[in-house]
Amino acid sequence: MKFLFILFITASLFAQSPVYQDTIVLYSGKTYPCFISKLNGDNITMTYLRDISIDANLKTVSSIYLNTLGIVYTQKEGYIKPIKEIEKLLNERNELIEETAALEKNIAAVSRIQPNTIDPPLFIEQPKVKKVQVLKTERPWSFGVYWYPSTEVSIPSFYYSDYSGFSYSINRVQAVRMDGDFAYKWIENLTATVSFGITSMTNNLTQVRTTTSLTNPPSFIKNSVVNENSVRNIDIAIGARYTFWKTDDNRSEVMAFFSIGKQFSNSTIKISPISTEYDTPTEQMEKQTEGQNSPFHITFGIRSEYFFNESISLCPIMNFNYSSTTVEYFTSQANSQSTKTINDISKENSYFSTEFGIGLNFHF
């Protein structure tokens, strides 16, 4: 209570003391100490003798003096100081006076409370505000490296028959792919990307089949071949990402992305039949395998990103791919002299696939 009493006395002295000494000199030569509170066109609102508030017309004023600014107006020159500067000073002074009046009112209300007449106030625990440290993610360039443990590759499967020569089929098998991309953030939440991927797979397969000939009496025919198939695919694509959600601290975000691209394939096939007297159509087989693995594709999906710091982030990815390619199929039959192509058929193949990957993004 003693502290409040001292504070009340101090505020009262502050409010009653002439903090702002303004002066108006009338055209008649009379000088009036006053407090100027407002400029309104050709009128000035001022408090005279603390209790008298009047509006004075500039036509009756010879000069105006404002505390801290000095002479701001003369009848001969008009306003010497910029009006905005004068109004700023008046507003600051008015606000301070209002705050002082409010303080006086509060202190007066508290001083009327008699000691030991009321219970002490209950202290209400204020909710704890969690401070969020926002991570700065303003670096526009990034380079990412991604690992896809299961992606589809077309691998041919061949076998040899003493009765009918070579036969084959195309199988889609699973392989591992590594991707990389460069990205540049155009604007907030929109990023352009250029990506590339590499898939390499070698498949060694030995097939042995036993069939029954159509001769009379029937006889058993041995069909066998050893396949050594190597496929290397390189993929190039351009696309964009759009960030549609992020946490308040910018550490996690989720993006939708879209890209179009083309895959290029190189195939090497080695066939080792048990009977070596027949030619093998490896060139046609390699061409077909490369065509099967060289589609145009459209990719869209969802990826999230968790930032360890401003430079490195972890990226789980889910891709949906639509691929389309035109492949020249052929059938062949081998004999002791040569390999004969029976049919060449151009066929368009299209298929959907889903991939899951994870990677690291480096921001700079």
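Listing I44, I312 from the residue with the fewest other Cβ atoms within 10 Å to the one with the most, what is the order?
Lowest to highest Cβ neighbour count: I312, I44.
Ranked highest first by the average count of other Cβ atoms within 10 Å around their residues, in what order do 58-71, 94-107 fall?
58-71, 94-107
When the chain is fully extended, how far beyond the present Cα-Cα distance does Q21 get from F352, taking 0.36 nm per residue of separation?
In short, 110.7 nm is gained.
Which entries of K76/K105; K84/K185; K270/K347; K185/K287; K38/K105 have Cα-Cα distances beyond 32 Å here?
Table pairs above 32 Å Cα-Cα are K76/K105; K84/K185; K185/K287.
Readers should treat all values here as calculations from the given coordinates under stated rules, not as data from a laboratory. Predicted model, so just to flag it, every value in this text is computed and none were measured. Methodologically, a virtual Cβ is constructed for each residue, glycine included, from the backbone with ideal geometry; neighbour enumeration extends over all protein chains shown.
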